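The values are calculated or read from the model by the stated rules, or taken from the named source; none is laboratory data. Note that the structure is a prediction, hence the values are computed from the model and not measured. Every residue, glycine as well, gets a Cβ built from its backbone with ideal geometry; the counts of neighbours run over all protein chains shown. Each accessible area value is taken on the protein alone, full model and side chains, heavy atoms only, with ligands, DNA and RNA left out. Shrake-Rupley method; radii C 1.70, N 1.55, O 1.52, S 1.80 Å.
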Amino acid sequence: MAKQTIKFFINEIAATAEVETDKLLVDFLREDLAMTGTKKGCGVGECGACTVIIDGRAVNSCMVLAATIDGSSITTIEGVNKGEQLHRLQQSFIDHGAVQCGFCTPGMILSAKALLDSNPKPTEQEIKTALSGNLCRCTGYHKIVAAVTAVSEADCGGEKNE
Amino acid sequence: MKKRGVGIGCMWYGIGNTGLPNPASAFVEWLDDGSVNLMVGCADIGQGSDTVLAQIVAEELGVSFDQIVVTSADTMITPEGGATSASRQTYISGNAARLAAAEAKKVALAEAVEKLSVPAEQLSFADGYVYVSGCKSDLALKDLIACCRAKGKLTLGHGWFNPDTTGLDPETGYGSPFGTYAFATQIVEVEVDTATGKIEVLKVVAAHDVGRAVNPDMVVGQIEGGTVMGLGYATLEELEINQGKIKNPNLDTYLLATSLDVPEIVSVIVEDQEPTGPFGAKGVGEPALIPTAAAIANAVYDAIGVRIYSLPITPEKVLAALDEKYEQ
Amino acid sequence: MSNTGMGASVARKDAVKKVTGQALFAADIVRPGMLHAKVLRSTVPHAILKALDISEAAAYPGVVKVLTAADIPGPSGDGTLVKGEICSDRDACFPAVRPCGVGIILKDEPVLVHDKIRRIGDAIALVAAETEQAAEAAIKLIKVSFQELPAVFDPIEAMKPDAPQVHPNNILTVRKIRKGDVEAAFANADVILENRYRTQSVEHAYIEPEAGVAEYDGSMLTLWVSTQNVHFDRKEVARTMNMDVNKVRIIQAVTGGGFGGKLDISVQCHLALLAYHTRRPVKLVYSREESMVASAKRHPYIIDYKTAATKDGKWTALKATIIADTGAYASYGPGVITRAAVHATGPYEVPNVWIDAYAVYTNNPMAGAMRGFGVPQVAFAHESQLDLLAEKLGLSPLAVRLKNVLVPGGITATGQVLKHSVGIKETLLQAAQTAQKQGPNFPKWEVE
């Protein structure tokens, strides 16, 4: 199997790795880096469980070859909290009961983070659109949308979003 | 033209397996510092049974939820829990966990009677303390348990519960197949586009009799999730099976509701307490989904005056039914 | 200390691990020296399995073991029913004279096919290899010889005496309910409504596909599995492996949803076999497609309802025939159809009830438990019938329900007297009151 050396940032840490050229990013993260917080739900880019942030954009890591992240900066769920200190999105998911089985949760949080990083005050429709590539079979999405909305409102001085 | 309509769907659902023994069990160990280990066979598949069962034990023992560690669904450690199905675990494992806690509590209660010289009937445990005739005493539960243990009296309990049912007669179906039933009514508002046949579910009011809500937010979570799954059942989902072969075997062709498809859901928790349930609780997992498709079908009729007799109610079926109506 | 017991909306015990990605689902578990497994599945719906040639697969680089039905230690190769082809729930608990295959109610599903394929997706052979890729490649090298049989995909066809036999009797379950005298009620009825309803097959679609890891230390077999019932899994694995039940340890991994679809055996017995034969830890993770092909579905129903009512809107009789396509194996089918029959009246008191409910084998994907367990299908029928009645009599949908709902002391179709906690009327009233606050489109129904 052909291999390629890539340099990238993973959760703000500089890294170098040798990857098989046909290896998917999701498998690279889960197998080579033992970062199993990124989940595999469908393999066809539909469920969003494998969502990571690449250079600020939420991406399905099952649709990307690991080799293509050379020079990129990746955020996975393992890099969202700083040790024990939960990210406010993570805390909000807990507070709003936005977690049931938890399999979609890492991808959902990363899609939400990518949204709020670029658009701190989204409308409800923008939140729903940003999360529409992440399937959840348990919650019916309401508590997830509420969790994201609450973080945005708190970040923007407690002002209610549209 | 877009037309709106409203429909009702009602349901009932027997809690537990139909007319069959379906017990569950639990172990409780109350430790020297007042913390509690709860071991239950019940599998938490995301619905939250670990949390609900810990709350039931917290209530029974008068300790904080945070002091309870739950080990669940490990056959080497936990006793029989039966299936996480039939919306049965709050009612059945819930009763088992409560009974296990009550057995451990009995030891502590006897010790408290001795220590305070007060008859057991006047004692209760709450907020980490022994209460006498409803008033907080100085005796902390952790000190009481430590005292029991120091004397060699272990505060342990096991409990099991099997709902009171009878089998069904094979010829008449006669029998009492469930210990209790959950009930629900959902009222749905839809908008149907008569040009495209597309149905949009705008709002769902979902009133569920759960006996008693152990954790109201989690009950609402079940109602919301079940309703959206029911919406998918009513309008979106169908395995296309031809000659035994599934034609849409992945999520790119088998469509689930996304965050953009969900209606506003107003959940109403009705608490008609069940005396045989743990603190009155029944169940909600499956009931959340059951009436949704029925209510949507009725709402579609209310909107456009045609009744669809098969699920899912697709735009194609709506348009065909409208065509038939206009031809007549 | 604030209340954290009954009625407190405390945060879930597992929430922190789930939001940080630390929660270990079965596919996340890694054991030292772990192998990866794949399953060869049938691509035809009905056939006699003639021969298997595993030699090329076994020789493929990285392959450690290829297993077929002949490698099952316990007596569970064949899916033939020994007893209980038509079964009632109660004696269906453990009907088999000798254990044969796996299944929640009947042991009718082979762990690995050894004589007959009954659906697309039947497991035929297993491969364990050093990598998932090698296992996948090896599976494709197994040569299967089979002779196709005529198949049946329509449950009504399958009930006919000359239909292709999926099992010795295609009618798996007949559940009857008889209360009062429906024919007399129809003779005296003011309104009779008769309709056929149909419902479809649907997928559970838990976001986590089935997965597990097993290891065997020479005495204990330990499995970490995505499952809804570890104690059932333990019995099935022990019987398949011919081991004492307490030598099998099933640990539920964090499970990414189930909705009824993880009640059946999926990876458990296959993993046990591979760990036992290789003496190495083995992991098996379904792809989404494998999950959808191999797992149970919600039963599609054909429902014929005939209801009688008085002119003031009181239901007096329900006569129903319900036919459920349970696919190739029983799974929870007998339970699902029994529950459908018991719940067919809806939450209403109906004095005269006649129900025949069938679960029928076909060569379609297996149907089993799914959230609602056979009841959403009949709810669609009884709620449609009630609205049709309301329209016919000029009653509101709320009024017709309030006339019929069960109340404490009410008697169900099976003769059960409901003593307490009968909240249907209250849910109707509260739902109606809440709905009327939601805007002008909600009708202002008279609430008594």
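At-a-glance table
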{"quantity": "In the range C:423-440, the residues that are open to solvent by less than 50 Å² (accessible area, probe 1.4 Å) and either within 23 Å of B:Glu274 (Cβ to Cβ) or assigned to a helix (DSSP H, G or I) (or both)", "calculated": "C:Gly423, C:Ile424, C:Thr427, C:Leu428, C:Leu429, C:Ala431, C:Ala432, C:Thr434, C:Ala435"}
{"quantity": "Only one of B:Ala110, B:Ala104, B:Ala182, B:Ala100 that is among the hydrophobic types (A, V, I, L, M, F, W, C), surrounded by fewer than 16 Cβ atoms within 10 Å (Cβ to Cβ) and either part of a helix (DSSP H, G or I) or within 14 Å of chain C (Cβ to nearest Cβ) (or both)", "calculated": "B:Ala110"}
{"quantity": "Residue satisfying all of: in the range C:230-250; open to solvent by 10 Å² or more (accessible area, probe 1.4 Å) and assigned to a helix (DSSP H, G or I); nearest to the other protein chains (Cβ to nearest Cβ) among these", "calculated": "C:Arg234"}
{"quantity": "Subset tally (residues that are open to solvent by less than 20 Å² (accessible area, probe 1.4 Å), away from chain A (no Cβ under 14 Å), in a loop (DSSP other than H, G, I, E, B) and of a type in the set (A, V, I, L, M)) for the range C:15-62", "calculated": "1"}
{"quantity": "Looking only at the range C:63-72, and only at residues there that are more than 30 Å from B:Ile241 (Cβ to Cβ) and aliphatic (A, V, I, L, M), the one that is most open to solvent (accessible area, probe 1.4 Å)", "calculated": "C:Ala70"}
{"quantity": "Number of positions in the range C:310-334 that are acidic (Asp, Glu) and surrounded by fewer than 24 Cβ atoms within 10 Å (Cβ to Cβ)", "calculated": "1"}
{"quantity": "Residue match in the range C:158-168 (condition: surrounded by 22 or more Cβ atoms within 10 Å (Cβ to Cβ) and away from every other protein chain (no Cβ under 14 Å))", "calculated": "no"}
{"quantity": "Residue, surrounded by the fewest Cβ atoms within 10 Å (Cβ to Cβ), within the range B:113-142, restricted to residues that are part of a helix (DSSP H, G or I) and without any contact (Cβ under 8 Å) to a residue 40 or more places away in the chain", "calculated": "B:Glu121"}
{"quantity": "Exclusive hit being touching a residue at least 12 places away in the same chain (Cβ under 8 Å), within 13 Å of chain B (Cβ to nearest Cβ) and not basic (Lys, Arg), set A:Ile94, A:Ile144", "calculated": "A:Ile144"}
{"quantity": "Tally of residues being within 30 Å of C:Ala390 (Cα to Cα) and either in a loop (DSSP other than H, G, I, E, B) or of a type outside the set (D, E, K, R) (or both) across the range C:192-225", "calculated": "7"}
{"quantity": "Tally of residues being buried (at least 24 other Cβ atoms within 10 Å of the Cβ), of a type outside the set (Asp, Glu) and within 14 Å of chain A (Cβ to nearest Cβ) across the range B:25-54", "calculated": "7"}
{"quantity": "Answer residue from the range B:113-131, given it is among the aliphatic types (A, V, I, L, M) and in contact with a helix residue (DSSP H, G or I) (Cβ under 6 Å, 6 or more places away or on another chain) and is nearest to C:Gly5 (Cα to Cα) among those", "calculated": "B:Val130"}
{"quantity": "Residue match in the range B:16-25 (condition: over 15 Å from the mean Cα position of the chain (by Cα), under 19 Å from B:Ala104 (Cα atoms) and not charged (D, E, K, R))", "calculated": "yes"}
{"quantity": "Some residue of the range C:396-408 being within 29 Å of B:Asp302 (Cβ to Cβ), of a type in the set (A, V, I, L, M), open to solvent by 10 Å² or more (accessible area, probe 1.4 Å) and part of a loop (DSSP other than H, G, I, E, B)", "calculated": "yes"}
{"quantity": "Condition check for C:Gly372: open to solvent by 10 Å² or more (accessible area, probe 1.4 Å), outside any helix (DSSP H, G or I), at the interface with chain B (Cβ under 8 Å from one of its Cβ atoms) and not aromatic (Phe, Trp, Tyr)", "calculated": "no"}
{"quantity": "Residue that is surrounded by the most Cβ atoms within 10 Å (Cβ to Cβ), among those in the range B:239-261 that are hydroxyl-bearing (Ser, Thr, Tyr) and at the interface with another protein chain (Cβ under 8 Å from one of its Cβ atoms)", "calculated": "B:Ser259"}
{"quantity": "Tally of residues being open to solvent by 70 Å² or more (accessible area, probe 1.4 Å) and more than 7 Å from chain C (Cβ to nearest Cβ) across the range B:262-277", "calculated": "2"}
{"quantity": "Qualifying position, being more than 21 Å from the chain's Cα centre (by Cα), over 25 Å from C:Pro110 (Cα atoms) and part of a loop (DSSP other than H, G, I, E, B), among C:Ala185, C:Ala189", "calculated": "C:Ala189"}
{"quantity": "Every residue from the range B:1-15 that is over 22 Å from the mean Cα position of the chain (by Cα) and not in a strand (DSSP E or B)", "calculated": "B:Met1"}
{"quantity": "Residue list for the range B:185-220, filter: within 7 Å of chain C (Cβ to nearest Cβ), free of Cβ contacts under 8 Å to residues at least 60 places away in the same chain and under 21 Å from C:Gln433 (Cβ atoms)", "calculated": "B:Pro216"}
{"quantity": "Looking only at the range C:63-114, and only at residues there that are within 13 Å of another protein chain (Cβ to nearest Cβ) and outside any loop (DSSP other than H, G, I, E, B), the one that is modelled with the lowest pLDDT", "calculated": "C:Arg90"}
{"quantity": "Tally of residues being part of a loop (DSSP other than H, G, I, E, B) and either polar (S, T, N, Q) or open to solvent by 20 Å² or more (accessible area, probe 1.4 Å) (or both) across the range A:1-40", "calculated": "13"}
{"quantity": "Listing of helices (runs of 4 or more DSSP H) fully contained in the range C:251-352 that carry 1 or more residues being within 14 Å of chain A (Cβ to nearest Cβ) and among the hydroxyl-bearing types (Ser, Thr, Tyr)", "calculated": "C:288-294"}
{"quantity": "Residue that is surrounded by 24 or more Cβ atoms within 10 Å (Cβ to Cβ), in contact with a strand residue (DSSP E or B) (Cβ under 8 Å, 6 or more places away or on another chain) and not basic (Lys, Arg), where the choices are B:Val214, B:Val201", "calculated": "B:Val201"}
{"quantity": "Subset of the range A:110-138 [in contact with a Phe, Trp or Tyr (Cβ under 8 Å, 6 or more places away or on another chain) and part of a helix (DSSP H, G or I)]", "calculated": "A:Lys128, A:Leu131"}
